[in-house]
1. Looking at PHE24, PHE9, PHE37, which one is in contact with a Leu (Cβ under 9 Å, 6 or more places away or on another chain), of a type in the set (Phe, Trp, Tyr) and away from ligand 1 (no atom under 16 Å from the Cβ)?
2. I'd like to know if the stretch 117-129 contains one or more residues that are within 16 Å of ligand 2 (Cβ to nearest atom) and crowded, with 21+ Cβ neighbours inside 10 Å.
3. Looking at the stretch 104-132, which of its residues are in contact with a Ser or Thr (Cβ under 8 Å, 6 or more places away or on another chain) and free of Cβ contacts under 8 Å to residues at least 60 places away in the same chain?
4. Might you check whether a residue that is surrounded by fewer than 21 Cβ atoms within 10 Å (Cβ to Cβ), more than 17 Å from LEU139 (Cα to Cα), out of contact with any Asp or Glu (no Cβ under 9 Å at 6 or more places or on another chain) and touching a residue at least 40 places away in the same chain (Cβ under 8 Å) occurs anywhere in the stretch 26-35?
5. Consider LEU110 against the criteria (1) within 28 Å of THR8 (Cα to Cα); (2) out of contact with any Leu (no Cβ under 6 Å at 6 or more places or on another chain): it satisfies all of them except one. Which criterion is unmet?
6. Of the residues ASP66, ASP82, ASP53, which single one is without any contact (Cβ under 8 Å) to a residue 24 or more places away in the chain and surrounded by fewer than 15 Cβ atoms within 10 Å (Cβ to Cβ)?
7. What number goes with the only condition from (1) under 13 Å from the mean Cα position of the chain (by Cα); (2) in a helix (DSSP H, G or I) that ASP34 does not pass?
8. Suppose the filter is at positive phi, of a type in the set (Asp, Glu) and within 13 Å of the chain's Cα centre (by Cα); does ASP53 pass it?
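The values are calculated or read from the model by the stated rules, or taken from the named source; none is laboratory data. Because the structure is a prediction, the values reported are computed rather than measured. Positions of Cβ are generated from backbone atoms using ideal geometry, with glycine treated the same way; all protein chains shown enter the neighbour counts.
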Amino acid sequence: MNRLNILTFPDPRLRKKAVPITAFDKELEKKAKDMLFTMYEDKGIGLAATQVDIHERLIVIDLSKDGSDPLVIINPSYEVLDDALEISKEGCLSIPTFQQEVPRAKKIALTYQDLKGQTQKLTADGLLGFCIQHEIDHLNGKLLVDYASSLKRSRIKEKLMKSKDVNNKS
Ligand code: GNR
Ligand code: NI
């Protein structure tokens, strides 16, 4: 397994729109495994391929504490089942130290493909529902900072650009 490099805001590659997956092969399986490994190492509950510079519609999620419940989601789409909005306080592995409250649909019906290319459906609310919506935002080039005020967005941008300079010097 390989640990993949996670892109950090304001990297322009985080804005690319991911394309649908058509080949359900060993290579896809390896990408999903490497993404799960990277997500566990960085203690995230979800990771979108966009974040590791793969611009394909692939997401991994695991809400368990012990890595026992990996979910690989390919070509996702969802329908809103309960359009009441709930405020979800979220972090993102691509925006370290940043948190943002985001209005999300309360309940969704997700349709996706698994690694075999089989179509699957699930309904999700709570943290799973919010996480799925967060990851699909990534596939569309949308980030948590887009839900923040322009002042808050420019502050985190300056902060992360400075910390990158420091890392490059040493
Ligand atoms: O680890 C993560 N936590 C989280 C919390 C609330 C809603 C969404 C998330 S996803 C995030 C990992 C990440 O950046 N995924 O893209
Ligand atoms: Ni994220």
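1. PHE24
2. yes
3. ARG104, LYS107, ILE108, ALA109, LEU110, THR111, TYR112, THR119, GLN120, LYS121, PHE130 - these are the residues of the stretch 104-132 that are in contact with a Ser or Thr (Cβ under 8 Å, 6 or more places away or on another chain) and free of Cβ contacts under 8 Å to residues at least 60 places away in the same chain.
4. yes
5. For LEU110, the failing item is (2).
6. Going through ASP66, ASP82, ASP53 in turn, the sole match is ASP66.
7. Result: ASP34 fails condition (1) only.
8. yes
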